[in-house]
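A short write-up of the structure that comes next.
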2 protein chains.
Amino acid sequence: MPSMPSDLEISRATLRKPLSDVAGDMGIEPRLFEPYGHSAGKISLEAIEELATRPRAKYVVVTSITPTPLGEGKTTTTVGLGQAFGHIGKRGVIAVRQASMGPTFGIKGGAAGGGYSQVVPMEAVNLHLTGDIHAVTSAHNLLAAMVDNHLHKGNALDIDPLAVSWRRVLDVNDRDLRQIVTGLGGRQDGLPRQTGFDITAASEVMAALALAPSLSDLRARLGRIVVAYDRRGEPVTAEDLRGAGAMCVQLRDALKPNLLQTTEQTPALVHCGPFGNIAHGNSSVVADLIGIHGGDYLVTEAGFGADMGAERFFNIKCRASGLTPDAAVVVATVRGLKAHTGRYRVVAGRSLPEEMLAENPEDVRDGATNLRKQIANVRAHGVTPVVAVNAFPGDYDSEKQAIVDVAAEEGARAAITTHATEGGKGAAELAEAVAEACAEPAGFSFLYPDDASLTEKIETIARRMYGADGIELSATARRQLDDCERHGFGHLPVCVAKTHLSLSADPSRKGAPVGWTLPVREVRLSAGAGFVYPICGDMRTMPGLSSQPAAENIDIDEAGQVVGLS
Amino acid sequence: MPSMPSDLEISRATLRKPLSDVAGDMGIEPRLFEPYGHSAGKISLEAIEELATRPRAKYVVVTSITPTPLGEGKTTTTVGLGQAFGHIGKRGVIAVRQASMGPTFGIKGGAAGGGYSQVVPMEAVNLHLTGDIHAVTSAHNLLAAMVDNHLHKGNALDIDPLAVSWRRVLDVNDRDLRQIVTGLGGRQDGLPRQTGFDITAASEVMAALALAPSLSDLRARLGRIVVAYDRRGEPVTAEDLRGAGAMCVQLRDALKPNLLQTTEQTPALVHCGPFGNIAHGNSSVVADLIGIHGGDYLVTEAGFGADMGAERFFNIKCRASGLTPDAAVVVATVRGLKAHTGRYRVVAGRSLPEEMLAENPEDVRDGATNLRKQIANVRAHGVTPVVAVNAFPGDYDSEKQAIVDVAAEEGARAAITTHATEGGKGAAELAEAVAEACAEPAGFSFLYPDDASLTEKIETIARRMYGADGIELSATARRQLDDCERHGFGHLPVCVAKTHLSLSADPSRKGAPVGWTLPVREVRLSAGAGFVYPICGDMRTMPGLSSQPAAENIDIDEAGQVVGLS
């Protein structure tokens, strides 16, 4: 097999269409499209209303088996499927999250799909893009400064300095900022307090931005953000601090979705990147509200496996957008399912264990317990699943077929795809299967009603999505749940913060674990974003750099071109 | 007098030209101009070479008397003068600094000129613009994370953890970040260390960005940044940490100057905003390298008074750009010179003392010692000064005339301007005077040669610019100067960090103090930016918020428009 060019080389060699033409393909008039440099642009939110009379696209969410350190290629499949519709005479539009620069310069070097199924130019996607993440950093930290300034200037709201939950954020992998003491130096330099920084993707502001269907809704969400509790134990909000208006001003342009294109000139909405662990991990509601009238199929990506990203897509994002999905693609790989047997030690960045490379369809079937469960998780929402077998060079036909067989046993459509090496035509069969699935009568329903208690909501997700026998609340969690209900947040959906590496709360348990209970250590509130998140395990919200950060290899060459970003 | 609309109202009511046409007015072809939204765009650095064959504009720097809390209207005069050239049949281009969001949301609410002499739209200038400041934040903090990561991962470079000088930055007014301890939490969370955050404008990366004439030069400057010293006392650089390449990639677009326009559609280059206290406080070299071929007159602004901003313009910025100025405008106001008598207690944001509003040309003459000295400071560089009397409503004719008389006594041209209320035609007389000054034979020279010692350079500036009797080096400063010379930085220019509120080092001394000595407490190195900065007084590098931050009044209205930003 001839060796493939790098993602960066492919991206650079791609012929791009003028973005105003790409917008035009979606029915967006030039006056609603603002270019941001030659590589990206923003779509005015007026497009939501103006496109409303156009036909509604079928709405397809791309999810996956429980992720392994190998990567299942979910973004690549989202891009590939979007492109594939063009190969079966339909118009696809994709919606994906914006990459965070922290990891880009920390570990991996880039996240825009891959090969001949990527969003281009990959430098734009992986660098600042149009500055939305920076705007979130800025708005978040303005509020943090206003909290500390309030404490410093007399504390009229009677905030308990030990009950300030609002931290600061930066889009960088910087472990030294996780736990810090601020306000040292003396009377003029603030009030000493222990606090810390999270990565910007983990900011509640990012989650609010991703869930707001309009600017006025965003303004209201920002106002509802709870930053602290006063000495009587009552929540203090960004509105109380008079910070929400200024934050909204800083986020006004960031709320407009970014338009780029794929390697095959398919429209690509790249917008927002809320953290998958403590937030809902889905791209923005406004992007989908525009994309849903921009073609025949809108393909949107949800983070992590179907138990997490897709569950939140169904129960958090669809609640906010009012949109309902027509089908869900569950991405599976031969190597991923082999890893789900629990027989191999797989470490990101290291080469695969020798014995994992041998032809072994039985292994694939054994690990497929995970796939079966994720198919069921999609069905639990009344949505038709389609399995995408994302083929990698070196996979044996028997192994790929084993996945197709498992899907058939579960009554699900399946297709083997080769979009990374072949572009959209490598996912044409998947597109046909998805089109069939979308043609079935729709029966979407939420997993739980708004008026269930928070505890019931957590228990429902634990039992029906994760396969747990039940939940175990710590005393702290119990008290915090009571507080949330008492403060009027009981109607919110829940976003369970657990490891994404297992259906269970233990990252080492592969496949589809049974006979376990979900431990809820504590419960936190994202009143602005609009969910409550129970913490079930160690949730790291600020990554660190490795011994050899990706940044060390990223540079410009003599012609001023970026190198090392792939 | 009818009341004037607010800056924001004027900005919003301004008819704007398509920015590609504004670029065209400067001789910049469409392919070298990239729009960033409807309000701003970036100019490709290729324009420097492509415009080189066009005639060179006259190069005019706008400086002022020693600033008072009242504000002398230097940016407004820069804009007004640029516009005024259009009223005398010439083509003006202006170059100004980008406003920092920290102060915008902290104290003042906006900085883009004022009235009918402002850069529009003022929301763009005062908010994220094209994200350059955020890119500086990002690149700066990536390097900080790499420093701490290096310490965490074995410290192969043998960095002395107590000799790390690289702090972190954010574009927010946040006093609680001035002094912090990072790396708490345990073994996985870094090495505890006392450090802090500066405002992004104070980042050495910002200064380097502003001084680099090309991308490859920026790459080299970033590599030269000294972040720490090793245990033998030798400097450790960003290059040693392999961080400079990734930083440069993050700054690649930020190096391209932003193009906007003024209220009268004059081209306005808005680029970079290095802090005036510890850095050189001038807009970018690349903007001026493009603007110098974009019209008949390039009007560029220097921060603070002529002893500081203009001195650094002459000796730091012109060294980096290779450009030489043809004239310097010294902005003076009636109220500013009255304040320089030292007879009035003037506080920013409070109304003026009653007795200061009475007609009193003698007061103006008494305070004009400061103006006389600043005129001499310009002349010391072989540049022809022109005094701009920036008239405010309520100034008496006799008072304005007093300034014109003082200028005449010093042999300098002068003109009374009303550009804030009348736009460019209110500065037409100033433009005529500047044109005459530019027609005089040029005699620009640096204040000191490269090969003078650092101590000689400081002493020359202290004596010749500030009017000091000499300098007094602390033992620390002496040792640090020796270190700088020994490490090969003796050839760099110096950027004296002293108060901008007095020609002396004591902010309470007005006029033109004599009989004093400049105390040099310590000396720091900005090897990447390319200067050494002696510290002569308390230099605050992270502002705080006031009791009523400007942010509290900034919001969006029901139509999604920004309010309160003026």
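Using a label point 7 Å beyond Cα on the Cα-Cβ vector, give me the inter-copy distances for B:Ser547 in nanometres, one decimal, shortest first.
5.7
Please list B:Phe489, A:Phe446, B:Phe33 from largest to smallest accessible area, probe radius 1.4 Å, with all protein chains kept in place.
Result of the area sort, largest leading: A:Phe446, B:Phe489, B:Phe33.
Add +1 for every Lys or Arg and -1 for every Asp or Glu among the other residues with Cβ under 10 Å from the Cβ of A:Ala529, and state the total.
After counting each charged neighbour, the total is +1.
Which of the aspartates and glutamates could a cross-linker bridge to B:Lys338, judged by Cα under 15 Å and excluding same-chain residues fewer than eight apart?
B:Glu72, B:Glu354, B:Glu355, B:Glu359, B:Glu362, B:Asp363, B:Asp366, B:Asp395, B:Asp397, B:Glu399
With everything on Cα atoms, drop me the angle between helix A:475-486 and the longest principal axis of chain A, reported from 0 to 90° to the nearest 10.
Approximately 80 degrees, to the nearest ten.
Tell me, how many Å apart are the Cα centres for segment B:328-371 and for segment B:44-97?
Going from one Cα centre to the other spans 26 Å.
For a label point 7 Å from the Cα of B:Asp405 along Cα→C-beta, name the residues of segment B:334-353 whose backbone N is under 20 Å from it.
B:334-343
What's the FRET efficiency of A:His491 with A:Ser216 using the Cβ-Cβ distance as r and R₀ = 30 Å, to the nearest 0.05?
Efficiency for this residue pair is about 0.90.
Report the calculated FRET efficiency for A:Ala559 and B:Ala348 (r = Cβ-Cβ distance, R0 = 56 Å), to the nearest 0.05.
0.70
Return the distance in nm (one decimal) between the two label points of a simple spin-label model at A:Arg231 and B:Ser547, each offset 7 Å from Cα along Cα→Cβ.
2.0 nm
Hey, for B:Arg54 with labels 7 Å out along Cα-Cβ, what do the inter-copy distances come to in nm, ordered shortest first?
Once sorted, the set of distances for B:Arg54 reads 3.9 nm.
Can you give me the accessible area per residue for segment A:1-118, using a 1.4 Å probe, in Å²?
39 Å²
Output, in nm with one decimal and in ascending order, the distances from the B:Gln194 label point to the matching label points of the other copies (7 Å from Cα along Cα-to-Cβ).
Result for B:Gln194, in nm, nearest copy first: 1.9.
Assuming R0 = 56 Å, what is the FRET efficiency of B:Leu191 and A:Thr53, from their Cβ-Cβ distance, to the nearest 0.05?
Computed FRET efficiency for B:Leu191 and A:Thr53 comes out at 0.40.
How high is the relative contact order of chain A, in percent, with contacts defined as C-alpha pairs under 8 Å that are six or more residues apart?
Relative contact order of chain A: 21 percent.
Along each of its three principal axes, how wide is the spread of alpha-carbon positions in chain B, in whole angstrom units, largest first?
Each principal axis gives a Cα extent; for chain B these are 69, 56, 51 Å.
Residue by residue through B:211-224, how many Cβ atoms from other chains fall within 10 Å of the Cβ on average?
Per residue, the number of nearby Cβ atoms from other chains is 1 on average.
Seen from all sides and averaged, what is the projected area of the convex hull of the Cα atoms in the protein assembly as shown, in nm²?
42.4 nm²
Taking each residue in A:94-103, count the Cβ atoms of any other chain within 10 Å of its Cβ, then average. What number comes out?
So the per-residue partner count for this stretch is 1.
Using a 1.4 Å probe, how large is the accessible area of A:Ile48, given in Å² and rounded to the nearest 10?
Here the accessible area works out near 40 Å².
Mind putting a number on the dipole of segment A:132-251 about its Cα centre? Charges go on the C-beta only, +1 for Lys and Arg and -1 for Asp and Glu, and I need it in Debye to the nearest 20.
160 debye
Here are some pairs, A:Lys256/B:Lys256; A:Lys153/A:Lys317; B:Lys400/B:Lys510; A:Lys42/B:Lys17; A:Lys90/A:Lys400; A:Lys256/B:Lys90; which of them have Cα atoms lying more than 29 Å apart in this structure?
Pairs exceeding the cut-off: A:Lys153/A:Lys317; A:Lys256/B:Lys90.
Kirkwood hydrodynamic radius of segment B:454-536 from all distinct Cα pairs, in Å?
Taking every pair of different Cα atoms in segment B:454-536, averaging 1/r and inverting gives 12.8 Å.
What percent does the relative contact order of segment A:454-536 come to when contacts are Cα pairs within less than 8 Å and at least six residues apart?
This gives 36 percent for segment A:454-536.
Would you calculate a helix-derived [θ] at 222 nm for chain A, using -39,500 (n - 2.57) for each DSSP H run of n ≥ 4 and dividing by the full residue count, to the nearest 500?
Estimated from H runs of four or more residues: -8500 deg cm²/dmol.
The values are calculated or read from the model by the stated rules, or taken from the named source; none is laboratory data. Keep in mind it's a predicted model, so treat the numbers as computed, not measured. Quick reminder, even Gly has a Cβ in these numbers, built from the backbone with ideal geometry, and neighbours come from all protein chains shown. We work out accessible area using only protein heavy atoms, side chains counted, and drop any ligands, DNA or RNA first. Shrake-Rupley method; radii C 1.70, N 1.55, O 1.52, S 1.80 Å.
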